[in-house]
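Q: Just passing along the structure, written as structure tokens.
Just so it is clear, none of the values below were taken in a lab; they were calculated from the coordinates. Model, not experiment: these values are computed from the prediction. Cβ coordinates were reconstructed from backbone atoms using ideal geometry, including for glycine residues, and neighbour counts include every protein chain displayed.
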Amino acid sequence: MKRSFLIKPVLDEMYPVIDYGKGVYLFDMDGKKYLDAASGAVTANIGHGVPEIMDAMNEQAKKVSFVYRSQFTSEAAERLAEKIAELTPGDLNWSFFVNSGSEATETAMKMAIQYWQEKGIHTKTKVLSRWVSYHGITLGALSMSGHTGRRARFVPLLEDFPVINPPYCYRCPYKLEAPSCQYACARELETAINRIGADKIAAFIAEPIIGAAGGAIAPPDEYFKVIKQICEANNILFIADEVMTGSFRTGKMLACEHWDITPDIVTLGKGMGAGYAPIAAAVASEKVMKPILAGTKQVMSGHTLSANPQSCAIALAVLEFIEKNKIMSQVESKGNYLRDQLEKLKEQFLFIGDIRGKGLMLGIEFVADSSGKKPYPRQALITQKMVSLAKEKGLIVYPAGSGIDGVNGDSIMIAPPLTITEKEIDELIVLLNETFTSFANDSGVIAGG
Ligand code: PMP
């Protein structure tokens, strides 16, 4: 087959050609079966080939697929916005629909800057973020991303947005432990604000659980409370990037809800369309929208396909499917079950340094020496090797960490569709065990604790 589609071969491997997907499984054109333990890129939250979603697609397509957002609204867009307002905490009542997570974080950044402008403050234009973070590939989103690998080539084009240390407890930058650390990494935000000046800062953005750049790094319990307090005390908006963690990935609509935090702006993506449609959103609170609605009356952003009825109808059907089948209430127990099995693998394989995350967004960090947490040399490309070995066995896992970023260790994420059954989790673990056994045998790395 002639391959003209621009894809990046990892370790010179040719990508298999997909045939179809069903539930947690994918089948390529050679008939090989894969268990999708990554939901693609933590996206296929309800699995593949769900008939209800195909019906919703069809229904909407028969009516109308596209109208331009400044000419028409649609029932699908209005109902989706209502559903998101109903499912999210506080008064996060206003959804601005876009097509990708990167567009959502760019929009959130612009909303934050516009919010201050509408209040007559024009100096607040910087957005603070953290190292070991990923908020998207477009230049505004990349400016907010502490992802060295993805930034490197474009640094001259990026905004000078300051970053603070992440709550990466496994490799604490201060060599402290929570809670006695008193959340030094969160308090760094205050130091940064004092250094730069609150009058220059529009917002602080963070992923509730760090995904692509770190491999499911969850913060200590009080971390976001401290962050929110600092933001409020300094008149800085808090943007939660829930593109990966939102849409029930951790059992709640927003991961922020685990810590009783309501952000000023939230971004959703990935699981929102669950891979059935390109759709994402920047969701703003009443506080943010009030001056915008009283002033310019519109968010100064938007794309041709923003809020197209087709994508909106699909995203609505995804949320209705999750609600109807009470999928959210099963995430915690499935996540705990999966996590217990991963902990057992950690006892078996000494190159597993850390198991972390929440719900069905779990991470595994690899180390060359588990007692000293020594990372593998970057050029060893451990993350990519694990991903490739797993794929050979018929298991899809998500690469994160230093295989693509020099800041932190090598890690992978295990984030299967939320619909996965216990039996399928057992199968996932067998395939992961086989992957780690092959890695141990191939590299002569120690197995057996
Ligand atoms: N924010 C987060 C937290 C993400 O994980 C991602 C994608 N990995 C993005 C933003 C960007 O989303 P997209 O790839 O859809 O542009």
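Q: Which one of Gly49, Ser95, Ala61 is farthest out on the positive end of the charge dipole of the chain, using unit charges on Cβ (Lys, Arg +1; Asp, Glu -1) and the Cα centre as origin?
A: So the residue furthest toward the plus end is Ser95.
Q: Placing +1 at every Lys and Arg Cβ and -1 at every Asp and Glu Cβ, with all other atoms neutral, what dipole size does the chain have around its Cα centre, in debye to the nearest 20?
A: Charge dipole of the chain: 900 debye, to the nearest 20.
Q: Follow-up question, since we're still on this one. Which Cα, out of Ala152, Ala240, Gly372, lies furthest along the positive dipole direction of the chain (beta carbon charges, K/R +1, D/E -1)?
A: Going by the charge dipole, the pick is Ala152.
Q: Going through segment 309-357, which chymotrypsin sites (Phe, Trp or Tyr not before Pro) have at most 15 other Cβ atoms within 10 Å and a DSSP loop state?
A: none
Q: Return the calculated 222 nm mean residue ellipticity for the chain, to the nearest 500 deg cm²/dmol, obtained by summing -39500 (n - 2.57) across DSSP H runs with n ≥ 4 and dividing by the residue count.
A: Result for the chain, helices only: -11000 deg cm²/dmol.
Q: For Tyr376, Tyr134, which order do you get if you count the other beta carbons within 10 Å of each Cβ and list the fewest first?
A: By the 10 Å Cβ count, ascending: Tyr376, Tyr134.
Q: Report, by chain and number, residues whose modeled amide H sits under 5 Å from the one on Tyr376, excluding near sequence neighbours (fewer than 5 apart, same chain).
A: Distant-sequence amide H within range of Tyr376: Ala368, Asp410.
Q: Which order do Leu381, Leu418, Leu395 fall in if you start with the one that has the fewest other Cβ atoms within 10 Å?
A: Ordered from fewest to most neighbouring Cβ atoms within 10 Å, Leu381, Leu418, Leu395 come out as Leu381, Leu395, Leu418.
Q: OK, next. Could you grab the relative contact order for segment 53-324? Cα pairs under 8 Å, six or more apart, rounded to a whole percent.
A: Here the relative contact order equals 31 percent.
Q: May I ask you to evaluate 6.51 cos²θ - 1.76 cosθ + 1.60, the Karplus curve with θ = phi - 60°, for each residue of segment 25-32 and list the ³J(HN,Hα) values in order in whole Hz, giving x for glycine and proline?
A: Each residue's phi maps through the Karplus curve to give 10, 10, 10, 8, 5, 8, x, 6 Hz.
Q: If you don't mind, another one. What list do you get for His147, His122 if you sort them by fewest beta carbons within 10 Å?
A: Fewest-to-most Cβ neighbours within 10 Å comes out as His122, His147.
Q: Taking θ as phi - 60°, what are the ³J(HN,Hα) couplings along segment 212-219 by the Karplus curve (6.51, -1.76, 1.60), each to the nearest whole Hz, with x for Gly and Pro?
A: Taking θ as phi minus 60°, the curve returns 4, 7, x, x, 6, 7, 8, x Hz for segment 212-219.
Q: Per residue of segment 169-184, in order, report the coupling 6.51 cos²θ - 1.76 cosθ + 1.60 (Karplus, θ = phi - 60°) as ³J(HN,Hα) in whole Hz, putting x for Gly and Pro.
A: Computed from phi, the couplings for segment 169-184 are 4, 4, 10, 4, x, 9, 6, 10, 10, 7, x, 5, 5, 6, 6, 4 Hz.
Q: For Glu320 and Glu75, calculate 0.36 nm times their separation in residues minus their Cα-Cα distance, and state this gained length in nm to one decimal.
A: Contour length minus Cα-Cα distance gives 86.7 nm.
Q: Whose amide H sits under 5 Å from the amide H of Gly357, counting only residues 5 or more places off or on another chain, with H placed in the peptide plane?
A: Ala218, Gly363
Q: Just tell me which aspartates and glutamates come within less than 20 Å, Cα to Cα, of Lys175; anything on the same chain fewer than 8 places away is out.
A: Of all the aspartates and glutamates, those that pass the test against Lys175 - Cα under 20 Å, at least 8 places apart if same chain - are Glu188, Glu190, Asp221, Glu222, Asp354, Glu365, Asp369, Asp410.
Q: Given the peptides 108-120, 290-302, 91-103, 239-251, arrange them by the average over their residues of other C-beta atoms within 10 Å, most packed first.
A: 239-251, 91-103, 108-120, 290-302
Q: Let a ≥ b ≥ c be the square roots of the eigenvalues of the Cα gyration tensor of the chain; is it rounded (a/c under 1.5), or, if not, prolate (a/b larger than b/c) or oblate?
A: Oblate shape, in that a/c is at least 1.5 and b/c is the bigger or equal ratio.
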